[in-house]
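Undergrad: Mind having a look at this structure? Questions to follow.
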Amino acid sequence: VAIVGSKSALDAVDEDASAAQAAQQLAAASSYWGEITATIDWCEPNYVVSPYVAGFVNTVPNLGFVALGFFGVYAHPNLELRFVLTFLSISLVGFGSAAFHATLKWNAQLGDEVPMFFLSLCFLYLTIENDHFPVKHPRLPYALVLLLSVFVYFYTVYRFATLFQMTWGILTTVTVFR
């Protein structure tokens, strides 16, 4: 028995999803930054708190990483370059991530994800060269810079978010289990 004119639960969900998407598009269109050009947008509803910040909850805490990285350099004077670069890349990740979540622009997404990749390479280097003085693998920094360069090239050319997610995940896993 069918009831004529009734909506199924699935139809109601589709209407709710369409309304939510329409609201997101309207919010983005009226934002300070304009159209969303990032390849991913999965964190929170956009422009709820301010027309200047797409993802407020993800933007504000990232500013703490900017301070944390600079504090690391300040609190530990006379650090080796590898530690200074690691602390500064923490700041760079915080700045880039805040910019990305605030704007949802492709360039800001690069400013978030490329420093994350670089920071992971710094951590990998620190785990490999831990307690080795003189340096045990003197060519390793060149190999890591080459890896970063290849990643940035392919990522900027193809804008394939899954490339970042896969390579960063593998790199992080290798570092953790090293």
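The values are calculated or read from the model by the stated rules, or taken from the named source; none is laboratory data. A quick note: this is a predicted structure, and the numbers were derived from the prediction, not measured. Calculation scope for accessible area: heavy atoms of the full protein, side chains included, ligands and nucleic acids excluded. Shrake-Rupley method; radii C 1.70, N 1.55, O 1.52, S 1.80 Å.
Undergrad: So for 106, 42, 168, what's the accessible-area order with a 1.4 Å probe, most first?
TA: Largest to smallest exposure gives the sequence 42, 168, 106.
Undergrad: With a 1.4 Å probe and every protein chain left in place, work out the accessible area per residue of segment 67-121 in Å², rounded to a whole number.
TA: For segment 67-121, the per-residue accessible area is 46 Å².
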